[in-house]
Amino acid sequence: MTHEVSPLPPLGSALSRRSALKLLAANIALITAGCGKPREEILPYVKMPERLMPGIPLQFASTLPLGGYGRGVVCTSVEGRPIKVSGNPLHPASLGATDLFAEAHVLSLYDPDRSTTCRRDGQIAAYVDLETELAARLDKIKAKNGEGLRLLTGPISSPTIFRQIAALKEKYPGFAWHRHDPLEDGSARRGATLAFGQELKILPRLADADVIVTFDSDPLGSGPWQIVNAEGFARRRRVRSGSKAMSRLYAFESVPTVTGAKADHRFTLAPDQIGAAAVALAQGLGANLSGRELPVELQSVVTAVVKDCSDNKGHALVLAGPSQAPEVHALAHWINQHLAAPITHQAASNTAEPLHKLLAELDAGEVSALLISGTNPAYDTPALRIADRLRRCPFTLHHGLYRDETAALCRWHVPEPHPLESWGDLRALDGTPSLVQPLIEPLYDTRSLAQLLAFFAGATDMKDYDLVRTTWAAQGGTGFETWWRKALEDGVIVGKTPASIQPGEARLPTLVPGSKATSPTLILRPDPTLYDGSFANNAWLQECPKPLTKGVWGNTLGISPDDAAKLEIEDGDTISISVEGREILAPVRVQEGHAPSVMSLALGNGRVAAGEIGNGVGANAFALRSAGEWRLDNVAIRKASGRTAYSTQKLFVIDGDREEIFPVYALAHLPAAKSELPKPSLLPVHDYSQADARWAMVVDNTSCIGCNACVLACQVENNVPVIGPEEIARNRDMHWLRIDAYALDSDDGRFGFEPVPCMQCETAPCEPVCPVEASVHDSEGLNVQVYNRCIGTRFCEANCPYKVRRFNFFGYADGQEYANLAAEVMHLHNNPDVTVRARGVMEKCTYCVQRISAARRGAEKEMRPIRDGEVRTACQSACPTQAIAFGNLNRQDSAVVRLREEQQHFSLLESLNTKPRTTYLADIRNPNPALPESRG
Amino acid sequence: MSLVQSADEDLRLLPRDVTDARITAAISDPIIDKRSRWRWWIAVVITLPFVGAMIVALFGLFVFGVGTWGINTTNVWGFAIANYVWWIGIGNAGTLISSLLLLTRQPWRASINRFAEAMTLFSVSIAGIFPIIHLGRPQYFYWLAPYPSTMTVWPQWRSALVWDFWAILSYLLFSILFWYLGLIPDAATLRDRAATWPTRLFFGALALGWRGSALHWRAHKKLQITMAALAVPLVCSVHSIVGLDFAASLMPGWQEPIFPPYFVVGAMYSGFAMVVILSTLIRFGLHLEDYVTTKHFDAMALIMLMASLVMGLSYGTEWFTSWYGGEHADRGLVAFEFTGHYDVLFWFLLLFNVVLPQVFWWKAARRRLWIVFLVSIGILIGMWLERILIIWNTLGHNYLPSMRHIFITSLTDWTLLIGPLGFFAFLFLLFARFFPVISMYEVRELAAEESR
């Protein structure tokens, strides 16, 4: 893409009346002169670009960052534009699956609010000017041995950047690199130091764990290692005929998490009580500690957990979360060591200086040039008054995808290329490196961090490609090119994963008596769909329902029903939350699972300079922090007004026949396998057993952790539009696949998740009611929707017992888009194999019929039947826990046939006799029989 | 109900001193004369803002899309369908009065059948708009008709909506024919009394050369009775099929075999309530106290009393079968009706439709116009509530708790609820101004019979 240089003066504040008129006149002249159609030439390829066949998508392996760490992906590109991200099975942080952030990157790439040009003091500037100014400054700095040159980044893991930083340090001895991660778990770092005398990286191997105990920890929640944790957890809990083994998860939590939702036992406790429980657990395992007396019920619980852990030595592990004190983390280390827990320890290779040191230097006026890249302290640490401090630095350069809050404070701004349009490299959380390769020419005139650092180091006009290759040049010896090609093809570099270390004997921490704080406490969490806030301008993520609240477009203050009743607060009320004079407003969400006087709130919302989508959505919980705390005590709350909570699901309690909607079984009390008796029918029943295929899906509710990867994958694959908060408030959610969350009967803050796509009923209630035959069956029994035949009577959705059909009340994707989603560049993300639906038309899940069709074409070309597993729906391939199986019921060897015979198999609303093709495996829990309430 | 069979004074409908000339003058003069039209003009001016609002709302609907209704993913139907059922219900009474009462020889119908039929015409026409403007793509509504398209696609005949299409269409066409048939002798009267040539031309064309010969009368009577016989099944079918829109489904609270008869009675119920209201207004507006008498109101009140009992019984049957059937979804729905988000509306529904009409057990109440009038307004409101609650309760309280959402009304909803009422009044005013609101020849016939 090229950008012509505008012959007109830049539009600044200094536009006088006279020059405005001049511009107007020039415009009129241009319009008159420019009448008629622009001259365009179209030419066929003279020389066909290698591999590029019109209509045939290409796939490339790459890596996408989350929290600085990479997850391997395979990107699908159609005629030069990336449209879909899938997992890379070879990559250790992907294992073939994705998370919602990886899926959502496609939209971020085409975000019209992305920064497109270099700017000085907010005005468009040329790179040449930047280079001139920077070169002069660097000369001065060089003369002073590099004193005053500073780099501030977010969490990064790129070997190339590390190499460049090391090189800069050599060239400028006074140079320092500072790292700022708003989601840093300070407790974990200090806890490791307490236990082992050094900082460590801890990677739990949930697949090897039979007993998992969490203390306010959320291993299944969002993060760069979520996919691996989820996969391991689910693998250990897959109950099939013949393998009834299942791990057991105890969650000690003060606020609800996804992990707690999936637990076999969840104990809602105040944070200090959780610490006390951890102490009691350590004591029970033989630690010489003096701890507080626990309440009797809790003591009996801990005793049972101790026994369970001791019985499973080598397969039991304990995890502490960021809101717990470092001592609890240290205790967890001791317990894990004592239990020989399946945990990998790695050396933490953090050579960067912390942010506060940089701030001190800024205050002292010691910084003469500062490059800020990939981090947004002005937003996520407002208590530090970055604005005042940056003013003391004569040369500040912001580098990022957006002109965000921090960019506004810097003299220069350089746009960053999106990871899908630049070369690079990243390490996974376990240190495995992989390459980042571009799927598209950069959309705008951007510079990567590697290029900027190269310029700092004195090399101009360096290409990312060369910089990355230099880093890895030593690999493969003379066969570097072969090595390089293989690394790109595989999307992972093997043999470069750092070895695990034996951290030595874990020391028991000295316990400080837990503060008997009874004041309201607030527990902060990363947002399940926006993470640290850097994704705030992604409309897909804003509209993705949070797993436990189903809230969209903003965060909510979670509070227990008892507290709400005490404070006379109702769901949806706006609450002012203040800590030491720092105050924010958020709507309330009353939810079971919060300990008394403990509230929860997600970080990552309330951006002010995110872009048209993300600005002003939600409350900025970062504003309550003073220095990276995850737990805030002495929180004052009072009723206020002005905020609205938006959600896609209102009722979480099953008022209906649980057996038909969301059955839950204890592992010890699984139901007898049902022999499905054919129900009588007055109508002739069509027999699909002779059809080429009888597509079916089986969803395992036990495995589903509600992570939303499938929801996003479906949205990306099927061009599902975003409708915006106002339309959500009118309950017009468009997601083809939704994840229903239902509270378990035990009312202890546990939830079950049930992904609901179209059931593809064989006797579909939507079909006979359509007056124009827009809802019909195809030869394979798939329930298909003919968009251009649909006139929008909506009788089909009225008659759908599952309410899975979605209606275009407005032209959400076709002329009446939300906010900036109508921008021309946005059209690039659409999947060309899926129709973009017009206003007034009903749509729904198609089982990714375009993928079935592609597989069928491929099979027919080779004159063979479609193989089992050849068609993978978007939701299926995204799922980190492999909760979704898809296949052909007419093939006896297919996975779905086997799954349909499992004893926990059920159909949603089976008594309606809709004969759904999508069926479920019930949620199975594995309660400890020694504990009361061991009901699943 | 043999109100007129004897010559008993108490059962006479018309005053003793009516003559044919007086009847004709009372009804035709307001059409021919140009004097004292200020009341008419005031009424027209009052209706115009409603008509304007309706046009604006329809325009907005076509420009911005069907999303301007308050409907949502769960409650995919809303005001449009409720209004449609309500208007069709009102439209039911006109033809019912003309046909069923003609066949059962109820002479009191003579005074009210003409405007009741006009009411049918207008309300069915208005009702017919709603299914179209409720469509996501209203421009393609004609796909419900089996026209020879190049795609050779036909409507899907199992869908109740296709039956609906035919039911409304045939009912509307039939109603026009029936209304026009009754108008022919009166058009001839007006042709003969017309003061200006355009009026004469207009009614002359409508009269189709009616000369009042015995042959004409004989053919007319025969055709009228035949059409009345044809009308009765149509009257029942149109609202039965509307009932099937709901009953031929899988949703709790909808899939009930009681729906077709229950809808027909409900339609008659609200239709009579509307006739009462129109009778009152016409009687007042055109000084027709002699021809629309308290005895008419008495008779209509009795019919409404009967209908209210049937409605009460139907509601009770619904609750009983839900409980007795034992389905969780059905029982939950009934509980939701009484205690859920729309409970207040539901209690009002029962009050208006079942409780209040019980005053009609007393003759004194039946013969007090204001009581009949107010109860009728209550019935109209109650019946509209019934229709909207059938939709809101079932769709909102569906099988899966996760998809239970409430309905949030929009400006379009309210405008297209209120606006068409004004439009209806506007059409009716035009009718009252340009056509004989009461069938002159039938009232003359009645007078002759009574004085015999």
Subset of segment B:142-167 [surrounded by fewer than 20 Cβ atoms within 10 Å (Cβ to Cβ) and assigned to a helix (DSSP H, G or I)]:
B:142, B:166
In segment A:439-471, how many are part of a loop (DSSP other than H, G, I, E, B) and touching a Pro at 6+ places or on another chain (Cβ under 8 Å)?
8
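Limited to segment A:682-705, what total is found for residues that are over 17 Å from residue A:866 (Cα atoms) and at pLDDT 95 or above?
Step one: of segment A:682-705, the residues over 17 Å from residue A:866 (Cα atoms) are A:682-687, A:698-705.
Narrowing further to those that are at pLDDT 95 or above: A:698-705.
Count: 8.
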Does residue A:191 fit the bill of being over 30 Å from residue A:442 (Cα atoms) and more than 33 Å from the chain's Cα centre (by Cα)?
no
Collect the residues in segment A:846-876 that are within 29 Å of the chain's Cα centre (by Cα) and among the basic types (Lys, Arg), keeping them in residue-number order.
A:851, A:872
Do we find a residue being buried (at least 20 other Cβ atoms within 10 Å of the Cβ) and either among the β-branched types (Val, Ile, Thr) or farther than 26 Å from residue A:535 by Cβ (or both) anywhere in segment A:98-111?
yes
Examine segment A:887-906 for a residue that is part of a strand (DSSP E or B) and either within 14 Å of chain B (Cβ to nearest Cβ) or over 23 Å from residue A:856 (Cα atoms) (or both), and state whether such a residue exists.
yes
Which residue pairs have Cβ atoms closer than 7 Å, lie 6 or more positions apart in sequence or on different chains, and pair a first residue in segment B:137-158 that is more than 22 Å from residue A:840 (Cβ to Cβ) and within 8 Å of chain A (Cβ to nearest Cβ) with a second residue that is crowded, with 17+ Cβ neighbours inside 10 Å and modelled with pLDDT of 90 or more?
B:158/A:768
I'd like the residue in segment B:23-77 that is assigned to a helix (DSSP H, G or I) and of a type in the set (D, E, K, R) and, out of all such residues, is farthest from residue B:434 (Cα to Cα).
B:39
When residue B:404 is run through (1) of a type in the set (Lys, Arg); (2) over 17 Å from the mean Cα position of the chain (by Cα); (3) closer than 28 Å to residue B:268 by Cα, the failure sits at (3)
Those residues that are buried (at least 23 other Cβ atoms within 10 Å of the Cβ), more than 9 Å from chain B (Cβ to nearest Cβ) and of a type in the set (A, V, I, L, M), I need them from segment A:783-820; list them, please.
A:813
Which is within 14 Å of chain B (Cβ to nearest Cβ) and out of contact with any strand residue (DSSP E or B) (no Cβ under 8 Å at 6 or more places or on another chain), of A:721, A:680?
A:721
Of everything in segment B:301-333, what is more than 28 Å from the chain's Cα centre (by Cα) and crowded, with 20+ Cβ neighbours inside 10 Å? Give them in sequence order.
B:322, B:329, B:330, B:332, B:333
Here are some residues: B:276, B:310, B:265. Which one is among the β-branched types (Val, Ile, Thr), modelled with pLDDT of 95 or more and over 25 Å from residue A:768 (Cα atoms)?
B:310
Test residue A:693 against the stated conditions and say whether it is among the hydrophobic types (A, V, I, L, M, F, W, C), surrounded by 11 or more Cβ atoms within 10 Å (Cβ to Cβ), over 30 Å from residue A:762 (Cβ atoms) and touching a residue at least 12 places away in the same chain (Cβ under 8 Å).
no
Working only within segment A:310-321, note down all residues that are of a type outside the set (Ser, Thr, Tyr) and surrounded by fewer than 23 Cβ atoms within 10 Å (Cβ to Cβ).
A:311, A:312, A:313, A:314, A:315
Tell me the strands (runs of 3 or more DSSP E) entirely within segment A:521-602 that contain at least 3 residues that are of a type in the set (S, T, N, Q) and surrounded by fewer than 24 Cβ atoms within 10 Å (Cβ to Cβ).
A:574-579
Per the filter on segment A:622-644, residues part of a loop (DSSP other than H, G, I, E, B) and more than 14 Å from every other protein chain (Cβ to nearest Cβ) are A:625, A:626, A:627, A:628, A:629, A:630, A:633, A:634, A:635, A:641, A:642, A:643
Counting only residues that are surrounded by 13 or more Cβ atoms within 10 Å (Cβ to Cβ) and at pLDDT 90 or above, how many does segment B:35-47 have?
4
Looking only at segment B:391-411, which residues are surrounded by 23 or more Cβ atoms within 10 Å (Cβ to Cβ) and closer than 25 Å to residue B:58 by Cβ?
B:391, B:392, B:395, B:407
Looking only at segment A:445-453, decide whether some residue is basic (Lys, Arg), over 28 Å from residue A:350 (Cβ atoms) and surrounded by fewer than 23 Cβ atoms within 10 Å (Cβ to Cβ).
no
Of the residues in segment A:350-387, those that are surrounded by fewer than 18 Cβ atoms within 10 Å (Cβ to Cβ), charged (D, E, K, R) and part of a helix (DSSP H, G or I) number 2
Of the numbered conditions (1) away from chain A (no Cβ under 14 Å); (2) of a type outside the set (Val, Ile, Thr); (3) farther than 24 Å from residue B:267 by Cα; (4) buried (at least 24 other Cβ atoms within 10 Å of the Cβ), residue B:67 fails exactly one; give the number of that condition.
(1)
From the list A:137, A:120, A:150, exactly one residue is buried (at least 20 other Cβ atoms within 10 Å of the Cβ), more than 25 Å from the chain's Cα centre (by Cα) and among the charged types (D, E, K, R). Which is it?
A:150
Do we have residue A:496 as surrounded by fewer than 16 Cβ atoms within 10 Å (Cβ to Cβ), without any contact (Cβ under 8 Å) to a residue 24 or more places away in the chain and of a type in the set (Lys, Arg) here?
no
Look at residue B:215 and say whether it is modelled with pLDDT of 90 or more, more than 26 Å from the chain's Cα centre (by Cα) and either small (Gly, Ala, Ser) or at negative phi (or both).
yes
Residue ID - farthest from the other protein chains (Cβ to nearest Cβ), chosen from residues in segment A:732-769 that are without any contact (Cβ under 8 Å) to a residue 40 or more places away in the chain and surrounded by fewer than 23 Cβ atoms within 10 Å (Cβ to Cβ):
A:767
Which of (1) touching a Lys or Arg at 6+ places or on another chain (Cβ under 6 Å); (2) of a type outside the set (Ser, Thr, Tyr); (3) farther than 30 Å from residue A:926 by Cβ; (4) more than 13 Å from every other protein chain (Cβ to nearest Cβ) is the odd one out, the single condition residue A:772 does not satisfy?
(4)
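The values are calculated or read from the model by the stated rules, or taken from the named source; none is laboratory data. Quantities reported herein were computed from a predicted structural model and do not represent experimental measurements. Please note: Cβ atoms are built from the backbone with ideal geometry, for glycine as well, and neighbour counts cover all protein chains shown.
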